[in-house]
Amino acid sequence: MAERKPIESWLTDMDGVLMHEGIPVPGADAFIKKLRDSGRPFLVLTNNSIYTARDLHARLSRIGLDVPAENIWTSALATAKFLDDQHPGGSAYVIGEAGLTTALHEVGYVLTDTEPDFVILGETRTYSFEAMTKAVRLINSGARFIATNPDETGPSAEGALPATGAVAALITAATGKKPYFIGKPNPLMMRTALNTIGGHSETSAMIGDRMDTDILAGLEAGMETFLVLTGLTTEEDINRYPYRPTHVKDSIAGLVDFV
């Protein structure tokens with residue numbers, strides 16, 4: 001393997017890397033502190049579009065992880081950035097929560113159910129049949145279909161929950177139109193994150209707990225990748241995939257000395 005340049009900027013997933021079921025992973029606080037003390041650019045990434053960066057800053061602070069809001073990048077922010085670049089000043093019918101609607105408002109989008117340019121599907125706690133029916137009809141009438149992320153399930157204390165990807169499949173079945181997914185593993189999520197902090201793929205690293213989203217996205221964006229085993233992927237799982245992470249670590253604690 002060709003020798004890579006030193007890592008100058010970092011992207012890291014949140015759930016399964018820094019925290020697990022609302023509890024900080026041992027070493028996460030030391031890793032974040034080392035990043036902040038070093039002055040190196042970094043972002044904490046999440047495919048979850050429910051929360052704003054300020055919401056996530058508050059949630060992380062409550063468990064002892066001091067991540068400023070400006071160091072958090074969500075699929076909602078990436079979606080808003082994509083739409084602002086592709087179709088500035090547009091309109092959208094949105095199924096989602098404050099994280100998504102706030103991001104769209106901040107780039108000047110009008111949220112409407114009357115002849116919108118786009119139907120945008122994000123994560124929400126309450127997927128309503130009425131809202132999905134409206135989305136289907138608007139897409140059939142010509143609105144373009146965007147989804148914040150392809151995750152089909154999300155975690156909860158009671159077990160798996162249907163998530164954006166599963167609801168997108170329902171809408172696709174009803175319309176025949178597949179959405180453009182913005183979040184991981186789309187390397188667009190990584191590119192927009194790197195652009196936000198002025199990073200370059202050849203001198204950046206991605207840390208994640210999932211081979212099919214975090215590691216794949218980092219790989220396709222040309223970044224050095226670190227798989228940690230504190231989330232959904234075990235060491236035995238790695239060989240199931242036709243690609244490999246650059247490094248495998250037991251947890252984020254093993255990365256402190258890399259900063």
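The values are calculated or read from the model by the stated rules, or taken from the named source; none is laboratory data. Just so you know, these numbers come straight off a predicted model, no measurement behind them. All Cβ positions, glycine included, derive from the backbone under ideal geometry; neighbour counts span all protein chains shown. Note: areas computed on protein heavy atoms with side chains; ligands, DNA, RNA excluded. Shrake-Rupley method; radii C 1.70, N 1.55, O 1.52, S 1.80 Å.
Determine whether Asp113 is farther than 23 Å from Leu188 by Cα, charged (D, E, K, R) and open to solvent by 50 Å² or more (accessible area, probe 1.4 Å).
Values: farther than 23 Å from Leu188 by Cα: yes; charged (D, E, K, R): yes; open to solvent by 50 Å² or more (accessible area, probe 1.4 Å): yes.
Yes; evaluated as a whole, the condition is true for this residue.
Count of region 149-167 residues, restricted to those that are surrounded by 18 or more Cβ atoms within 10 Å (Cβ to Cβ) and among the charged types (D, E, K, R), is 1. Out of Leu194, Leu219, one residue alone is open to solvent by 30 Å² or more (accessible area, probe 1.4 Å) and either among the hydroxyl-bearing types (Ser, Thr, Tyr) or modelled with pLDDT of 95 or more (or both). It is Leu219.
Which residue out of Leu43, Leu77 is aliphatic (A, V, I, L, M), under 19 Å from Asp214 (Cα atoms) and in a strand (DSSP E or B)? Steps first, answer last, please.
Numbers: Leu77 fails: in a strand (DSSP E or B).
Result: Leu43 is the single residue among Leu43, Leu77 that is aliphatic (A, V, I, L, M), under 19 Å from Asp214 (Cα atoms) and in a strand (DSSP E or B).
Selection within region 75-94: residues that are open to solvent by less than 10 Å² (accessible area, probe 1.4 Å) and among the hydrophobic types (A, V, I, L, M, F, W, C). The member of this set that is farthest from Thr196 (Cα to Cα) is Ala92.
Checked against (1) part of a loop (DSSP other than H, G, I, E, B); (2) over 21 Å from the mean Cα position of the chain (by Cα), Asn239 passes all but condition (1). Has region 131-148 got any residue that is free of Cβ contacts under 8 Å to residues at least 24 places away in the same chain and either surrounded by 14 or more Cβ atoms within 10 Å (Cβ to Cβ) or assigned to a strand (DSSP E or B) (or both)? Scanning region 131-148 turns up at least one residue that is free of Cβ contacts under 8 Å to residues at least 24 places away in the same chain and either surrounded by 14 or more Cβ atoms within 10 Å (Cβ to Cβ) or assigned to a strand (DSSP E or B) (or both). When Leu188, Leu170 are checked against the criterion of being modelled with pLDDT under 95, of a type in the set (A, V, I, L, M) and open to solvent by 10 Å² or more (accessible area, probe 1.4 Å), a single residue qualifies: Leu188. Cβ-Cβ contacts under 8 Å between residues 6 or more apart (or on different chains), taken from a first residue in region 99-116 that is in contact (Cβ under 8 Å) with a residue 40 or more places away in the chain to a second residue that is open to solvent by 40 Å² or more (accessible area, probe 1.4 Å) and of a type in the set (A, V, I, L, M, F, W, C), are listed as Ala103/Leu77. For region 98-107, check the following and say yes or no: at least one residue is in a strand (DSSP E or B), aliphatic (A, V, I, L, M), surrounded by 24 or more Cβ atoms within 10 Å (Cβ to Cβ) and at pLDDT 95 or above. The answer is no; no qualifying residue exists.
Within region 164-177, does at least one residue satisfy the condition of being within 15 Å of the chain's Cα centre (by Cα) and either under 28 Å from Ile95 (Cβ atoms) or free of Cβ contacts under 8 Å to residues at least 60 places away in the same chain (or both)? I'd like the intermediate steps shown before the answer.
Just the residues of region 164-177 that are within 15 Å of the chain's Cα centre (by Cα), to begin with: 164-165.
Among the residues that remain, those that are also either under 28 Å from Ile95 (Cβ atoms) or free of Cβ contacts under 8 Å to residues at least 60 places away in the same chain (or both) are: 164-165.
Looking through region 164-177, at least one residue is within 15 Å of the chain's Cα centre (by Cα) and either under 28 Å from Ile95 (Cβ atoms) or free of Cβ contacts under 8 Å to residues at least 60 places away in the same chain (or both).
Say we look at region 116-130 and pick out the residues that are within 17 Å of Ser75 (Cβ to Cβ) and either buried (at least 23 other Cβ atoms within 10 Å of the Cβ) or in contact with a strand residue (DSSP E or B) (Cβ under 8 Å, 6 or more places away or on another chain) (or both); which of these is modelled with the lowest pLDDT? Taking the candidates together, the pick is Tyr127. Selection of region 197-216 for residues being open to solvent by 10 Å² or more (accessible area, probe 1.4 Å), within 22 Å of Val25 (Cα to Cα) and either in a helix (DSSP H, G or I) or not charged (D, E, K, R) (or both) yields Asp212, Thr213.
Restricting attention to region 40-52, does a residue exist that is free of Cβ contacts under 8 Å to residues at least 60 places away in the same chain and surrounded by fewer than 21 Cβ atoms within 10 Å (Cβ to Cβ)? No - not one qualifying residue is present in region 40-52.
Under the condition of being of a type in the set (D, E, K, R) and in contact with a helix residue (DSSP H, G or I) (Cβ under 6 Å, 6 or more places away or on another chain), the residues counted in region 2-20 number 3. Just so you know, in region 4-39 the residues that are among the hydroxyl-bearing types (Ser, Thr, Tyr) and over 14 Å from Val67 (Cβ atoms) include one that is modelled with the lowest pLDDT, and it is Ser38.
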